[in-house]
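The structure under discussion appears below in the form of structure tokens.
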Amino acid sequence: MKRCVVAYATRERQYSWDVELPATATIADALAAARSAAEREFAAIDPALWEAAPVGVFGEPRARTAACEDGDRIELYRPLRADPRARRRERVQRERRQGAKRR
């Protein structure tokens, strides 16, 4: 048996579920176990995310078919609303324009 943590975060809250799995379990198995725990807790997570969202272990992208190791933190990633780099560029440009107007 091995134990893993499955994690998912929204802007408002972070969810995490401890799951106990057989030695041959994959990331998909861990997600299935966490999903059933989430449904028991009434966690409002889009069902499509459980099926298709990218996943990773400790921040490294992984395939759902990959084996998970004892102690892994399996992360379920949600899509970003906007590209962080593009948002930063826009903010810098806006600040530069505002600075030029003050002179």
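The values are calculated or read from the model by the stated rules, or taken from the named source; none is laboratory data. Quick caveat, the model's predicted, so the values are computed rather than measured. Using ideal geometry, Cβ is built from the backbone for each residue, glycine included, and neighbour counts are taken over all protein chains shown. In case anyone asks, the SASA skips ligands and DNA or RNA and just uses the protein heavy atoms, side chains included. Shrake-Rupley method; radii C 1.70, N 1.55, O 1.52, S 1.80 Å.
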Handout entry: Rounded FRET efficiency, nearest 0.05, which uses the C-beta distance separating GLN14 from LEU80 and R0 of 22 Å
Key = 0.85
Practice task
Report in % the part of the accessible area of the range 1-57 that belongs to carbon and sulfur, leaving out ligands and nucleic acids; probe 1.4 Å.
Solution key: 51
Completion exercise
With the label point 7 Å along the Cα-to-beta-carbon line of ASP46 and a cut-off under 16 Å to each amide N, the hits in the range 59-96 are 76-83
Practice task
State the extension gain, in nm to one decimal, for the chain segment bounded by ALA37 and THR24, taking 0.36 nm per residue of separation less the distance between their alpha-carbons.
Solution key: 2.7 nm
Problem - Share antiparallel - DSSP beta bridges, the chain, percent rounded to 5 - result: 80
Practice task
Leaving out ligands and nucleic acids, note down the accessible area per residue over the chain with a 1.4 angstrom probe, in whole Å².
Solution key: 73
Fill in the blank from the handout: Among (i) 1.46; (ii) 0.93; (iii) 1.08, the value of Cα Rg over 2.2 N^0.38 Å computed for this structure carries the label (i)
Practice task
Positive end of the charge dipole of the range 6-102 (Lys, Arg +1 and Asp, Glu -1 on Cβ, about the Cα centre): tell me which of SER16, ILE27, ALA66 has its Cα farthest that way.
Solution key: SER16
Practice task
Work out, step by step, the length gained on full extension between ARG3 and ALA66: first 0.36 nm times the residue separation, then minus their alpha carbon distance; give nm to one decimal.
Solution key: 21.1 nm
Exercise for the section: Using only protein heavy atoms and a 1.4 Å probe, report how much of GLU69 is accessible, in Å² to the nearest 10. Expected result: 110
Completion exercise
Answer in debye to the nearest 20: the dipole magnitude of the chain about its Cα centre, from +1 Lys/Arg and -1 Asp/Glu charges placed on Cβ, is 1540
